[in-house]
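Since every read-out is calculated from the coordinates, none of them should be taken as a lab result. Computed from a predicted structure; not experimentally measured. Note: ideal-geometry Cβ built from the backbone for every residue, glycine included; neighbour counts use all protein chains shown.
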Amino acid sequence: MRASNLRAKGNKMQSKRVTSPIPSGLVWSVGVGLGLGVGLGGCFLSPVPDSRTPVDHAHEVEPRCKAFSDAATAQLFSPDAVDRVEPAYSYVATGSDRRANLRGAAIHVRPLPGMSPESMTRSLECHQATITLGGAQASADDPYVLPGRWLDLDVSSEGDGFVAYARIDSIADARLVLDRARRFAARPAAPAAK
């Protein structure tokens with residue numbers, strides 16, 4: 001065979017199109033669909049500010065409070081139970097550093113007989129819900145309630161005691177929570193009944 005014939009044959013082979021059993025329109029549709037799904041999915045999965053009111057939160061918590069009462073956990077709401085109060089912070093990455101943002105109060109609580117972090121958390125949430133819904137009156141410096149706001153309450157075990165965190169996103173409100181907790185811890189305890 002001559003070189004010109006080989007080149008001609010080679011060109012024919014190069015121009016030959018490979019066909020796919022899947023129609024090209026379908027491939028394009030699937031690609032666009034996946035691209036939109038991922039793009040829009042990112043929008044739907046982005047954090048959305050919580051628009052629930054404190055009353056909405058209280059109504060969500062209330063059904064879980066049937067077995068909890070302030071009377072059963074009164075020791076938790078006494079200044080005597082508080083060992084110390086510290087600021088509670090969250091940390092935000094800023095370049096190569098971290099910035100501390102005040103979130104509220106870390107209330108260090110002495111060991112309380114028969115109490116677990118989970119039961120204490122539920123008791124505090126129920127206490128906040130009861131006050132928010134008007135079922136009880138909050139004391140002036142109650143660190144577990146902020147009028148007109150809903151606090152994120154959580155208790156964890158630390159050493160031989162507990163830390164009750166009362167947190168909120170607004171820095172101005174976090175200062176109020178911390179101030180209330182400090183005043184609460186500084187109050188003299190009520191005299192014991194004889």
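With the cut-off at 1.5 for a/c, could you classify the stretch 49-194 from its C-alpha gyration tensor as rounded, prolate or oblate? Because a/c hits 1.5 or more and a/b fails to exceed b/c, the stretch 49-194 counts as oblate.
Relative contact order of the stretch 57-152: 32 percent, from C-alpha pairs under 8 Å at least 6 residues apart in sequence. Neighbours of V55, meaning other residues whose beta-carbon lies under 15 angstrom from its beta-carbon, give a summed charge of -3 when Lys and Arg score +1 and Asp and Glu score -1. How much net charge surrounds D160 when only other residues with a Cβ under 11 Å from its Cβ are counted (Lys, Arg +1; Asp, Glu -1)? Combined, the nearby Lys, Arg, Asp and Glu give -1.
Report, in whole Å, the centroid distance computed from the Cα atoms of the stretch 91-125 and the stretch 139-158. So the separation of the two Cα centres works out to 10 Å.
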